[in-house]
Each structure stands twice: as C-alpha cells, then as structure tokens.
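Here's the structure, in structure tokens; my notes come after.
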Amino acid sequence: MILLATRFMMAALLLSGTATPALPQTAPTAASDIPSGFKPDEARKNYEMRTVKIPMRDGVRLNTLVVVPRGTQHAPIIFSRTPYGAAKALGGDSSNDYRSSLPASFAALAEAGYIIVVQDVRGRYGSEGDYVVARPLAGALNPTGVDHSTDAWDSIDWLVKNVAETNGRVGTIGVSYGGFTTLMSLVDPHPALKAAVPINPLVDGWMGDDWFHNGAFRQGYLDWIYAMSADKSSRYTLELSRHDTYESWLEAGSTGEMASRWGMDRFPMFQKLVAHQAYDDYWQQQALDRILAKQPLKVSTLHVHSLWDQEDIYGAPAAYQAMEARDRENNGNYLVIGPWRHGQSVAADGSKLGALDFDGNSSAWFRRKILIPFLDQHLKDDGQPAAIAPVTAFETGANAWQKYERWPMSCPGDCATNPRPIYLSAKGEMGWEPPVGAGGFAEYISDPARPVTYRQRPLLTTYDRLSTWGQWLVDDQRFAEARPDVVTFVSDVLSEDLRLAGDPVARFFASTSGTDSDWVVKLIDVYPDVYPADPAMAGYELPVSMDIFRGRYRKSLSKATPLAANEVLPYEIKLPPVSHKFLKGHRVMVQIQSSWFPLYDRNPQAFVPNIFLAKKADYRKAVQRIYTSPQYPSRIDLPVIP
C-alpha cells in the first residue's frame, strides 16, 4: 500500500508540473572502465617473456623476445629469426602456462629445458633498419656490410652475454624464411652456435624455392610479395576481383600486367624478379647451397624436408647435399624427410595431409625421437649421443620410418642401386622394357586461353582464409587426367611392391609447334579401383613427385633461347625427392602437360624476350608431342631400392 501511494503522489506532481524531489547523489562515472596502469599478476605465470632490443654492429636494434621458463638455470638457447613477427611466432602471451601460450614445437622445446628466443629480422615489425627480401650476403649484391649472417652473429653474442640463465650454448632453428636465416647463421658461425635446424628453408629462389621452378615463375606468390613489401608489418593484403582467381589472372594477361594494376611494379623485389628471369649471376651468387658448399661444416646441422612442401621443396635436400660434401671432420650433417606439407613437422598434428592418413602423429614422433635428442646432444651440458641415422625418411605408402646412410638412392646396409627406367608408350602405357618397333608419339594441343589448372577450381589466392593451399600437392589428379590437353601414361598393376628413395628424373623427347614451351611432369601412385582398406581412396591418383620446366632454358639455365618449332628435342627434368612405396596392386602413372595455372605464369608458346611483359597477342596455341620409340625412348628414371 505504501508503494502504491508513492506512485500516486509522483503522478500527481508530474501532472501539476511541480518539480520532482531530488534523487540521492551517486559517485561520478569514470572516464574508462580500464584502470590506468593495470598489469596482470606475472607471478601466476610459469614463464617470463622479455622484450629486448639487441644492437647490431651498424647501430640498428632488432626486436627480440626471450621466453624463460620459471626456475630455468644454465640452459641452452633456441634462437629463431623471422620476418613474420616474433610475437606472432610465439603465439601471444595470453596464458599463464607456456605449454598453452607457445606453439607445439616451441612448447616442446621449453618443456625439454630450453630458453626460446625469437627475433624480428631487420626492417620488419618491431626491428629497426631496412628490409630486403632474403637479403644476400654482404658483397656485390649487398654493399651495406650487414646481412643475416652478421645479424645472427651479433645477436648470439649479445644473448650469451646478457641472458643470465643460459649455459652459453645456442641452437638456431626456423621454418621457410626462418630456415633461410638458420642456414645464414652457418656462413660465419658464432663460437657459441653448436647446432642448427633449417626446416623447409629457402635456398635457391630460382631452381625450386618460392619464386621460380626451373624458370617458370610462381605468380601465385604475388600476394606474399604484396604483403611483405607494402608495409613492414604486413597490414595490407592483395585481393583479386574474383573469389575464383582463374578468370582474374586470364583477364589480366601477364604477371607484369597484374602486378602493375596493384602498384607492385614500384616494389623493388618485383623489379628484381622481372630483371632476372634467367638463372644469372644474381641468383647464382646468393644460392645458399652454392655458398655453403665452399666452406667446411663447423656446426652440426639437422636438415628437415617435407615430401609435399608446397613452397620450398628444393631447399633442404640441396643444402644437405652441399654440406655433406664439406663435412670433412664429421661434425654431423643429418637429413630428415617427413610426409608433410610446408612446416608441418613443427605443427601440432602430423597424422594427416589432405586425404592421406599416416597412422600416427609423425610430427610429434619427429620432435620426440629426432629433434630434441639432436639438440640435447649438442646444447646441453650433460647431453648424451643421439641415436640418429645420417638420413631418416618416412616411407609413404608403407607409413614407416626408414634409416639410411646417405641420400639419395641409399638403403639399409648401404646398398645403393642404379636408377630403374620405366618407359612411356604412345598408347598411353608404361613398361620396364625399352620401346621396340615403329613407336610414335602422344599429342595434345596446349591453349593458353584455357590453361590446365594446378588443382580443381575454385582457385583461391594462396593465403585466403578458405584456402587449402597447404595440401594441393596431394590432390587427386583425376581432374587433370580428364582433360584433352594432358597426356597420361600408366603401368600395368604392380605384382609386387615398388620402393623408391631418391630423385626421379624425367628424360623425354618432345616437340612443339611453337618456339617456347613449358613441360609439367607428374609421377603418380594410382590406387586400386576397389580399395576395401579405405573405400574413399579407391582409384585415387596420388601425386608422388611433380615439377615444371621452362623450355627456353633447355640449352642454358642462364640464357633463354627459342625452341626450334616442330623439332624433336631431348629434355631432362629432375623431380623432387621421393620416399615412397608403390604397393602391390597399385599402378604407376605419369602425366605431362604444358601449363600449371594460375600458380605458374603462362608460357606464351611464342618466344618473347621477357614473359613478365608478354602481351595478349603473344599467347598462342601449340601442338605438343611426346615421342616414344627406339630412337626417342622417353622414360622416367626411378630411384628403386630393394
């Protein structure tokens, strides 16, 4: 009743226009709900993350994050240098437990007793200085006097003197560009550097890493170049006009035209690519396998290669082989080959890739059985010898790890064998015997107006949020076999297992009605048409090794020359390494085509001085022939082992 009376009194006052009674005073509202200067209680964390600016010899300071687990004393340092953001590489600082904050690989290393250090390379994110993509060593290509080798030396020197918890031993590690900086740390290694783990490193940007593959340009990387060149923290992204980029690239025409539409013709890196389309001194002088082959191995190195590395499939095996020849004092040069995409060896899950299942987490196995024992041996005070073979390779198909004495073409007990050729037939067949009789050729028409795609459409930009770019190298190739501009050769059903461990080499004879041509060769494992073990894989055409070669470099990689139209010419293409078992009941297949679009730029098929600058009128159809006869015995040399 009292509440009801109060309501009547309030209503009467409002109707009469009389002022309402004053309400009780409240505390003033704060300007912000975020209290000034607040910091979380760091004591709750089981690690400390420090941010330091390490001075280089030229005065430039590099932003560096140091992660020290609580209670760490006399511990070795794992050091990684990246252009992609040190804070991003460490996964942030949001959890009180480093096992939750850090990515899987760094968390495993911290758990094993390591201090983790990640640094922004000069000119990127929080670091001072000028950024140059894959900055060459100081010299003719780099007059500044500083490079990734000197920056690594200066950084390691500062770390061992200023991180109180360290035992003074350092190991460098990194993936991709970080693998490149890891190899750079070996050029003039600091005395404290005792181990290095380059994972999927950029080694030679023309031969088969990142920018070119045997002269064919990876135009699908324009979005990477844009992100890395437009801003020091990669704030800007290149977005093409269509979700499916196939028509966008066709409409633009050449790579140069697409780049100019985005203002990328102003980017120094793109200008260098246009100016150096052949394998000239610019590329040869900065190829890291060539550089490392000129000096003795001083630091034990574990090279990590992924069989389906969609970005740097050339680098790790090339660096391993170059350094193996210089390992005179047996300091330790090791190679691990895993069933992975780019960087998957250090990802949380290495049990699957696309449609493939590896019967267990191969990445976790690698970290537990290879990576940590290797680092422990060389970096810890009480490190014990690691029981690691010179080469450890996962054999896909069998889903088993194998140990070898060397690579390529080796097997347990050092039983290296000669390659075994499998010959192509004009009838679309393949066999172990050389061709006899009249022979012939397989023919197709390559039309740049409708190029063969590198995977099924839609074709997204490389780093689109919906992209499955990381698994394209294991895509089922039946979509390509169905095209009339792809020729296919397939063996009989295998009556026994076929094991490969090494580098397949395509040696074939071909002609074109044009004056330039690309050749794409794919080595494929064809699953049985009925496959009870995994019905979804029935008939699957699994690419085991694939690559592209630009015909204008047939005579010389360093100088482009036209092809003689309609003349039969020999070609030799070294395909990426394989460690694979073709199981009994499967078949061996080879596909050959002349475009891989839009990942690689189209060859006009009429010789032009610079394909980057080709005009629409330059692109022409061509009749392509692959010859198969006693005179022209086209074949694939397979690294077969017992």
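No lab work stands behind these numbers, since they all come straight from the coordinates. Note that the coordinates shown come from a computational prediction; the quantities given were computed from them, not determined experimentally. Neighbour counts are summed over all protein chains in view; Cβ atoms, including those assigned to glycine, are modelled from backbone coordinates with ideal geometry.
Points worth noting:
- Rounded to the nearest 20, the size of the Cβ-charge dipole of segment 420-641 about its Cα centre is 760 debye, with Lys and Arg at +1 and Asp and Glu at -1.
- In terms of surrounding Cβ atoms within a 10 Å radius of their Cβ, PHE180, PHE38 rank from fewest to most as PHE38, PHE180.
- Computed from the Kirkwood radius of its Cα pairs, the Stokes-Einstein diffusion coefficient for the chain at 37 °C and 0.692 mPa s stands at 122 µm²/s.
- Each stretch of four or more DSSP H residues adds -39500 (n - 2.57); spread over every residue of the chain, this sum gives -5000 deg cm²/dmol at 222 nm.
- Once the convex hull of all Cα atoms in segment 204-351 is built, its volume per residue stands at 153 Å³.
- With R₀ set to 45 Å, the beta-carbon distance separating GLN384 from THR51 gives a calculated FRET efficiency near 0.85.
- Gap separating the Cα centres of segment 199-274 and segment 443-470, nearest whole Å: 15 Å
- Shape of segment 41-197, Cα gyration tensor, a/c cut at 1.5: prolate
- Cβ crowding within 10 Å averaged over residues, with 520-527, 132-139 ranked highest first: 520-527, 132-139
- Ranking of THR144, THR245 by count of other Cβ atoms within 10 Å, fewest first: THR144, THR245
- At an R0 of 60 angstrom, the distance between the Cβ atoms of ARG450 and ASP327 translates into a FRET efficiency of 0.75.
- For segment 191-284, the calculated P(r), taken from all Cα-Cα distances in 10 Å bins from zero up to the bin holding the longest distance, is 14, 40, 32, 11, 3, 1 percent.
- Distance from the alpha carbon centroid of segment 534-581 to that of segment 126-153 works out to 35 angstrom.
- Going from the residue with the fewest nearby Cβ atoms within 10 Å to the one with the most, SER629, SER556, SER36, SER185 rank SER36, SER556, SER629, SER185.
- Taken over segment 420-641, the percentage of Cα pairs per 10 Å bin, counting from 0 up to the bin with the maximum distance, is 8, 32, 36, 19, 4, 0.
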